[in-house]
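The values are calculated or read from the model by the stated rules, or taken from the named source; none is laboratory data. The shown structure was predicted, so the numbers you read here are calculated from the model rather than taken from an experiment. So basically every Cβ, Gly included, is an ideal-geometry build from the backbone, and we count neighbours across all protein chains shown. Protein only, heavy atoms only, side chains kept; ligands, DNA and RNA dropped before computing areas. Shrake-Rupley method; radii C 1.70, N 1.55, O 1.52, S 1.80 Å.
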Amino acid sequence: MNKLLETIEVKSVNGLYRIYLFNDGNALPKLVIYQVADGHEVPVKNMYKELKRLKEEFSFGIEYEPIDRIKLNTREFGREFIKRYTGR
């Protein structure tokens, strides 16, 4: 069973997003991203693509394809985005 760890609200030019972090037994939390439209949460179909777009919007210098390794997976990329968004 997934345990909710945290909810982060991101205010973007495209509206409000809610990012839910769940503990599912993996070392990094599971991410679930919703865009809030008219008070209803709509699941984001491609979370990685949306995180990349949000990263560009907020000018966070996250390298999602580091030179010394394969590209970051969604959990790693989400962790870096959330760390920078909540620490700004």
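Quick notes
- If you go through the range 70-88 and pick out every residue that is open to solvent by less than 60 Å² (accessible area, probe 1.4 Å) and either touching a Cys at 6+ places or on another chain (Cβ under 7 Å) or in contact (Cβ under 8 Å) with a residue 24 or more places away in the chain (or both), you end up with 8.
- Filter result for the condition that a residue is modelled with pLDDT under 90 and either among the charged types (D, E, K, R) or assigned to a helix (DSSP H, G or I) (or both), over Lys45, Lys83: Lys83
- Residue in the range 9-19 that is at pLDDT below 90 and buried (at least 16 other Cβ atoms within 10 Å of the Cβ) present: no
- Candidate set: the range 26-38, residues that are loosely packed, with under 13 Cβ neighbours inside 10 Å and at pLDDT 90 or above; chosen: the one nearest to the chain's Cα centre (by Cα): Ala37
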